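Written out below as structure tokens is the structure these notes cover.
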Amino acid sequence: MISLALSKGRILDETLPLLEAAGVVASENPDTSRKLIIATSRPDVRLIIVRATDVPTYVQYGAADLGVVGGDVLAEFDGSGLYQPLDLKIARCRLMVAVRRGFDYEQAVRSGARLRVATKYLQTAREHFAAKGVHVDLIKLYGSMELAPLTGLADAIVDLVSTGNTLKANNLVAVEEIAAVSSRLVVNQAAYKLKRAAIQPLLDRLKKAVR
Ligand code: AMP
């Protein structure tokens with residue numbers, strides 16, 4: 001049996017068509033089902049529905065053999081034991097620094113001001129600002145980062161931007177790109193060796209589907 005860990009939302013929506021192209025069809029719609037383990041048209045492949053940030057953990061411990069996870073989540077994950085054989089090129093977006101419209105970010109950086117930055121991406125944000133030599137106080141949030149500059153909690157946020165509509169609706173502007181983000185297939189290293197006969201053909205078909 002091969003277990004593939006997926007999170008609901010964009011990743012699930014964009015992975016299911018790739019899986020179908022690779023010959024794996026979910027037996028029910030994971031978006032509407034309350035089941036956390038979903039069978040597929042392939043008796044040896046099942047889907048496990050977990051939170052996005054938990055996907056690398058399930059794969060690291062081998063509770064899932066494969067997973068689909070955003071580069072943003074992977075960059076924050078400090079575990080080991082994962083192969084990243086394939087960029088699925090889905091759920092694409094950019095990790096950006098954003099501020100309230102009218103806040104002079106460049107000037108604040110130039111003047112050496114200490115910035116308060118709210119984000120759920122502490123590790124990535126810390127590395128980014130350290131590389132720029134900008135002093136920051138990071139504030140960990142779990143969601144709705146856009147609210148932080150509007151309420152005075154922070155000067156800036158580090159968050160994912162896709163269309164830019166959420167920033168616009170909240171009177172925020174992106175001022176700096178940190179990274180382009182897409183979702184990757186991750187594989188438990190031990191499973192890759194032990195179940196290679198089953199995993200490799202699936203990988204090859206997914207590779208074709210991505211192309
Ligand atoms: P948008 O309004 O299209 O720029 O989307 C921005 C909102 O969607 C922010 O709250 C982001 O955290 C979230 N978001 C954008 N892209 C992704 C993604 N690929 N995965 C998860 N969340 C995303």
Among helices (runs of 4 or more DSSP H) entirely inside the stretch 1-110, those with 3 or more residues being within 15 Å of the ligand (Cβ to nearest atom) are 10-21, 71-76
Among the residues that make up the stretch 106-113, is at least one of them assigned by TED's automatic domain parsing to the domain that holds Gly164, farther than 19 Å from Leu153 by Cβ and among the β-branched types (Val, Ile, Thr)?
yes
With respect to Asp204, is the statement that it is of a type in the set (Asp, Glu), closer than 30 Å to Asp44 by Cα, away from the ligand (no atom under 16 Å from the Cβ) and loosely packed, with under 15 Cβ neighbours inside 10 Å true?
yes
Within the stretch 170-185, tally of residues that are open to solvent by 30 Å² or more (accessible area, probe 1.4 Å) and either closer than 30 Å to Val24 by Cβ or without any contact (Cβ under 8 Å) to a residue 60 or more places away in the chain (or both)
4
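Scan Asn188, Asn165 and give me the residue that is surrounded by fewer than 21 Cβ atoms within 10 Å (Cβ to Cβ) and among the polar types (S, T, N, Q). Lay out the reasoning, then the answer.
Values: Asn188 fails: surrounded by fewer than 21 Cβ atoms within 10 Å (Cβ to Cβ).
Sole residue among the options that is surrounded by fewer than 21 Cβ atoms within 10 Å (Cβ to Cβ) and among the polar types (S, T, N, Q): Asn165.
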Given the structure, is Val55 of a type in the set (A, V, I, L, M) and touching a residue at least 40 places away in the same chain (Cβ under 8 Å)?
yes
Here is a list of conditions, (1) within 16 Å of the ligand (Cβ to nearest atom); (2) part of a helix (DSSP H, G or I); (3) without any contact (Cβ under 8 Å) to a residue 60 or more places away in the chain, and Leu167 meets all of them except one; can you say which number that is?
(3)
Residues that are closer than 12 Å to Thr166 by Cβ and not in a helix (DSSP H, G or I), drawn from the stretch 144-155:
Ser144, Met145, Glu146
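Any chance the stretch 66-85 includes a residue that's under 13 Å from the mean Cα position of the chain (by Cα) and either of a type in the set (Asp, Glu) or open to solvent by 70 Å² or more (accessible area, probe 1.4 Å) (or both)? Quick ask: steps written out before the conclusion?
Going residue by residue through the stretch 66-85, those that are under 13 Å from the mean Cα position of the chain (by Cα) are 67-77.
Filter again for either of a type in the set (Asp, Glu) or open to solvent by 70 Å² or more (accessible area, probe 1.4 Å) (or both), leaving 72, 76.
Yes, the stretch 66-85 has at least one match.
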In the stretch 27-51, which residues are under 22 Å from the mean Cα position of the chain (by Cα) and under 24 Å from Lys195 (Cα atoms)?
Leu36, Ile37, Ile38, Arg46, Leu47, Ile48, Ile49, Val50
What pairs can you find where one residue is in the stretch 70-91 and farther than 16 Å from Ala125 by Cβ and assigned by TED's automatic domain parsing to the domain that holds Tyr58, the other is more than 13 Å from the ligand (Cβ to nearest atom) and of a type in the set (D, E, K, R), and their Cβ atoms are less than 8 Å apart, with a gap of 6+ or different chains?
Leu86/Lys207
Enumerate the pairs (first residue in the stretch 108-137 and small (Gly, Ala, Ser); second residue anywhere and assigned to a helix (DSSP H, G or I) and surrounded by 15 or more Cβ atoms within 10 Å (Cβ to Cβ)) with beta-carbon separation below 7 Å, excluding pairs fewer than 6 apart on the same chain, so at least 6 apart or on different chains.
Ala118/Ala148
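The values are calculated or read from the model by the stated rules, or taken from the named source; none is laboratory data. Since we're looking at a predicted model, the values are computed, not measured. Here Cβ is always computed from backbone atoms with ideal geometry, including for glycine, and neighbour counts include all displayed protein chains. Accessible surface is based on the protein model in full, side chains and every heavy atom, while ligands, DNA and RNA are left aside. Shrake-Rupley method; radii C 1.70, N 1.55, O 1.52, S 1.80 Å.
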